[in-house]
Number of protein chains: 4
Amino acid sequence: MIKVSVVGAKGRMGSHVVEAVNAAPDMELALALDAGDDLTAITPANTDVVVEFTVPSASLNNVLTLIGQSVDVVVGTTGWTPDKLAQVRGVMSAQQSVFIAPNFAISAVLADYFARVAAPYFESAEVIEMHHPDKVDAPSGTAIHTAQGIAASRKAAGLGAMPDATQTDGGSRGQVVDGVHVHAVRLRGLNAHEEVLFGNAGEQLVLRADSFDRTSFMPGVLLAVRKVETGEYPGLTVGLDNFLDL
Amino acid sequence: MIKVSVVGAKGRMGSHVVEAVNAAPDMELALALDAGDDLTAITPANTDVVVEFTVPSASLNNVLTLIGQSVDVVVGTTGWTPDKLAQVRGVMSAQQSVFIAPNFAISAVLADYFARVAAPYFESAEVIEMHHPDKVDAPSGTAIHTAQGIAASRKAAGLGAMPDATQTDGGSRGQVVDGVHVHAVRLRGLNAHEEVLFGNAGEQLVLRADSFDRTSFMPGVLLAVRKVETGEYPGLTVGLDNFLDL
Amino acid sequence: MIKVSVVGAKGRMGSHVVEAVNAAPDMELALALDAGDDLTAITPANTDVVVEFTVPSASLNNVLTLIGQSVDVVVGTTGWTPDKLAQVRGVMSAQQSVFIAPNFAISAVLADYFARVAAPYFESAEVIEMHHPDKVDAPSGTAIHTAQGIAASRKAAGLGAMPDATQTDGGSRGQVVDGVHVHAVRLRGLNAHEEVLFGNAGEQLVLRADSFDRTSFMPGVLLAVRKVETGEYPGLTVGLDNFLDL
Amino acid sequence: MIKVSVVGAKGRMGSHVVEAVNAAPDMELALALDAGDDLTAITPANTDVVVEFTVPSASLNNVLTLIGQSVDVVVGTTGWTPDKLAQVRGVMSAQQSVFIAPNFAISAVLADYFARVAAPYFESAEVIEMHHPDKVDAPSGTAIHTAQGIAASRKAAGLGAMPDATQTDGGSRGQVVDGVHVHAVRLRGLNAHEEVLFGNAGEQLVLRADSFDRTSFMPGVLLAVRKVETGEYPGLTVGLDNFLDL
């Protein structure tokens, strides 16, 4: 049994992590801590892996403290800059593992990867992301990342611009990211969804990732806990794709 | 058996009409004429209904000539202005039938109609149209028509603006038609497709019409021929929705 | 303001109704009662419309009691047999309104209705329903209802059997309901989804209804409360389609 | 310029190959032969690569003859058994290249590959294939192959049976191929389409490949011609995935 402690255990995401750990047959919950709790209660004696899911303003200090406790850490909090990552690397011992992921949804990470693999083989590619209407930024960071990956793959394969005879357009063709058209839909009832369309003469390939709610991150979090616990990933690892056999 | 003559029989669309009439168990092909042929060869003695599928520059004269021949006409050629329609009405006899449709794809006509019916019941609605990349205009006329219909239905139902918290957007949110966001995708391999998304808390309704190739118009053309032949639609009728039991 | 009382207020669905009523700008929550509470506390003085969302074994008695209190009732509990409905009709006064719906998801009700309207115009039609894997029955009652509606519409329009050259099949073609093939998918992560496919030569029409979670019923419940409160629907009304302008 | 000869040049597929070669900027059409023509007219002097697209009863003899002419061959004809493949291997020289593919649609080959990669990371997976109603077998060979690949990937990753609480089912759950449910839809207007659904708590991944018509095979055929012409694939190669950078 992997002993898992959760930091941010009462938060939106952390409370789901507590549930997911309790439901996982190969894990047991060690400590469930939240703001104000003493993180030094977490030690190698009671914890194999810590999951940290708090807020950007608190996460760096939490992670530095946990490194000092000599435990391995899986971080789900966002807002990691190169400078913050450097601070983490600076204090880690060689055999310690820290894992940080901007997106724990396995379907989204796979769709993003598959898009890069497929891109060289199609004349056309466009990205449509769909989210709830309370989202303030458009398009999503994930969609931008996917479009950039498609563009890089096309360039590496020597492909030129996509065919597009459009002469009149009042904005319907969307935003162009590195030559890839990106469309953002905002619809009540949706959560976070991405569709990538690829086309050749007579054929289409569609990749679609749906994140229906916060529990969609849990399979990715549990996967990360299991991978980190093996000890095979010493150092700082960023991105869930590192834990998928791609 | 309905005796059907085709004007524009060697053209892109007309040749498909000839095939469709030959394949229909309740129709027989009368005359198949093309540019240069004498349309006065078409008479009530040999023809019940004429299908005219030529080019906008020729269609008005063709239709006026056919009206003079006292036969009923189904017109698939585009480019009909109010002025042209008035000229047609001016020369028709009371019992004659002329039918003109901007779109003969039944799936597209139904999706457009269903969108207007559904619109009052959802907080959010957006339109995505997808076409081959040789299309010069974006968005499609059909998508604009659908968006206008949604907007009119919402207004009639007393609905206000849709929820949208977007603050940063580099064009990804698409074109706004009467308050409805419209997105246009251009992809090699596609022909003409439209998707309408409706959303409420926890639910989504999607209407999608796919026109894979020119044969998609034939069921609509045959339907129009059968309806006109009944004699129940005297005068000028515009729009395939008039022949659907909606 | 419409004064709404909720019976079953602590239940899975009832608790969402309480939230939805509190969030609706044109409603205010009157009484929120649950098992063990005295329903005679609900009177025309404090309540315009009651929403009853409990369990099949309790619902009939609850509704009979509420009718005795001379208030209008919207019932979301399932399990209504013709015999139970007859008992309700037997005790109602002429001016009272009771509304019962087997499905409050507007998207599902609309898709079901649109399927019946579209059916006469297509050679082929099939139904795919997709649900979470904990569902014990397959296909869903909604999918059977949709298939029956398609079959009835085709029959009324004089359509015969759909084209199908299949000679070898180990079960992949699904269940045949009144001549319509119905497919059931069970997938972790999904809730309740239905897709209806219609096809003609060269074209396809797809209707899709997604119910992502229980909140998907709330727009339908609120719509029913508003309709019942108008007093324009005296007597017993069954089915949300009666409240949609179809 | 790659000099390409076509065998079966007047056939359904071969005529598209002739068009595709003529349209490719890096290829020129050498000889276009059909049934009755002498294949020994094809020599290394006039041809770099031959594309053979005929019928199963003729293909083996054609390929053996072309091998005798010392030219490289890309074969699109189906019906290759292990015995036939052995005969081809038996007569080839070490430096010659023969390529045979059961499916030249890049989108289908990629979807099949992505399905195997994604399978270990999801609790649930099902396959839906959709074809025109004149198809005699169900499900398609491609769908069976995809289901087998998913099953093999799940087994290799140590996954057990998928969750499924279904108790009553009149066939709607489809055909089970190595533990994977496969559904076959037959719809007028469609050609050949496959959808693979993967699900975890709160998330879904959908892979969809659409082949709208025969031209969908041409990008795959041209890719194969280019790869074979490099001389980097001596011997017999089976399957387009060998030429994709996966």
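The values are calculated or read from the model by the stated rules, or taken from the named source; none is laboratory data. Here the structure is a predicted model, which is why all the values come from computation and not from measurement. Cβ coordinates were reconstructed from backbone atoms using ideal geometry, including for glycine residues, and neighbour counts include every protein chain displayed.
The sole residue among C:Val63, C:Val73, C:Val117, C:Val109 that is within 14 Å of another protein chain (Cβ to nearest Cβ) and touching a helix residue (DSSP H, G or I) at 6+ places or on another chain (Cβ under 7 Å) is C:Val109. Taken together, the criteria exclude B:Ser93 from residues that are over 30 Å from A:Val185 (Cβ atoms), away from every other protein chain (no Cβ under 11 Å) and modelled with pLDDT of 95 or more. For B:Pro219, the test of being at the interface with another protein chain (Cβ under 7 Å from one of its Cβ atoms) and modelled with pLDDT under 95 is passed. Reported count of residues in the range B:143-158, each being touching a helix residue (DSSP H, G or I) at 6+ places or on another chain (Cβ under 7 Å) and either among the β-branched types (Val, Ile, Thr) or within 12 Å of chain A (Cβ to nearest Cβ) (or both), is 2.
Among the conditions (1) within 16 Å of the chain's Cα centre (by Cα); (2) of a type outside the set (Phe, Trp, Tyr); (3) assigned by TED's automatic domain parsing to the domain that holds B:Val6, B:Thr146 misses just one, which is (3).
Report whether or not B:Ala192 is in the same structural domain as B:Ala147 (by TED's automatic domain parsing), at pLDDT below 95 and over 24 Å from B:Glu28 (Cα atoms).
Working: in the same structural domain as B:Ala147 (by TED's automatic domain parsing): yes; at pLDDT below 95: no; over 24 Å from B:Glu28 (Cα atoms): yes.
For B:Ala192, the condition - in the same structural domain as B:Ala147 (by TED's automatic domain parsing), at pLDDT below 95 and over 24 Å from B:Glu28 (Cα atoms) - is not met.
The residues of the range C:157-185 that are among the aliphatic types (A, V, I, L, M) and in contact with a strand residue (DSSP E or B) (Cβ under 7 Å, 6 or more places away or on another chain), listed by number, are C:Met162, C:Val180, C:Val182, C:Ala184, C:Val185. Residue count for the range A:199-246 under the criterion of being touching a Lys or Arg at 6+ places or on another chain (Cβ under 9 Å) and among the polar types (S, T, N, Q): the result is 4. D:Leu110 meets the conditions (1) in contact (Cβ under 8 Å) with a residue 60 or more places away in the chain; (2) farther than 30 Å from A:Leu110 by Cβ in every case but one. The failed one is (2).
Within the range C:127-142, one or more residues are within 14 Å of chain B (Cβ to nearest Cβ) and in a strand (DSSP E or B).
Looking across the range C:21-53, just one residue is within 22 Å of C:Trp80 (Cβ to Cβ) and of a type in the set (Gly, Ala, Ser), and that is C:Ala35. Scanning the range A:37-77 for residues that are over 16 Å from A:Ser15 (Cβ atoms) and in a loop (DSSP other than H, G, I, E, B) yields A:Asp38, A:Ile42, A:Thr43, A:Pro44, A:Ala45, A:Asn46, A:Thr47, A:Asp48, A:Gln69, A:Ser70, A:Val71. Exactly one residue out of A:Ala118, A:Ala94 is more than 19 Å from the chain's Cα centre (by Cα), of a type in the set (A, V, I, L, M, F, W, C) and in a helix (DSSP H, G or I), and it is A:Ala118.
When residues of the range A:1-17 are filtered for being touching a residue at least 12 places away in the same chain (Cβ under 8 Å) and either surrounded by fewer than 19 Cβ atoms within 10 Å (Cβ to Cβ) or not aliphatic (A, V, I, L, M) (or both), how many remain?
Our first condition is that a residue be touching a residue at least 12 places away in the same chain (Cβ under 8 Å); within the range A:1-17, this holds for A:1-14, A:16-17.
From what is left, the residues that are either surrounded by fewer than 19 Cβ atoms within 10 Å (Cβ to Cβ) or not aliphatic (A, V, I, L, M) (or both) are A:1-3, A:5, A:8, A:10-12, A:14, A:16.
The number of residues fulfilling the criteria is 10.
Return the only residue of D:Leu236, D:Leu246, D:Leu240 being surrounded by fewer than 24 Cβ atoms within 10 Å (Cβ to Cβ) and within 14 Å of chain A (Cβ to nearest Cβ).
Details: D:Leu236 fails: within 14 Å of chain A (Cβ to nearest Cβ); D:Leu240 fails: surrounded by fewer than 24 Cβ atoms within 10 Å (Cβ to Cβ).
One residue alone meets the criteria, D:Leu246.
Within the range D:164-219, the residues that satisfy the criterion of being without any contact (Cβ under 8 Å) to a residue 40 or more places away in the chain, outside any strand (DSSP E or B) and among the hydroxyl-bearing types (Ser, Thr, Tyr) are D:Thr166, D:Ser172.
Residues being surrounded by 22 or more Cβ atoms within 10 Å (Cβ to Cβ), in the same structural domain as B:Thr230 (by TED's automatic domain parsing) and out of contact with any strand residue (DSSP E or B) (no Cβ under 6 Å at 6 or more places or on another chain) are represented in the range B:32-53 by at least one member. Scanning the range A:161-211 for residues that are within 14 Å of chain D (Cβ to nearest Cβ), among the acidic types (Asp, Glu) and more than 21 Å from the chain's Cα centre (by Cα) gives a single hit, A:Glu203. Does the range C:212-224 contain any residue that is small (Gly, Ala, Ser) and under 30 Å from A:Gly220 (Cβ atoms)? Checked against the condition, which is being small (Gly, Ala, Ser) and under 30 Å from A:Gly220 (Cβ atoms), the range C:212-224 yields at least one hit. Applying the selection to the range B:20-36, what residues are of a type in the set (Asp, Glu) and either in contact (Cβ under 8 Å) with a residue 40 or more places away in the chain or in a strand (DSSP E or B) (or both)? Those that are of a type in the set (Asp, Glu) and either in contact (Cβ under 8 Å) with a residue 40 or more places away in the chain or in a strand (DSSP E or B) (or both): B:Asp26, B:Glu28.
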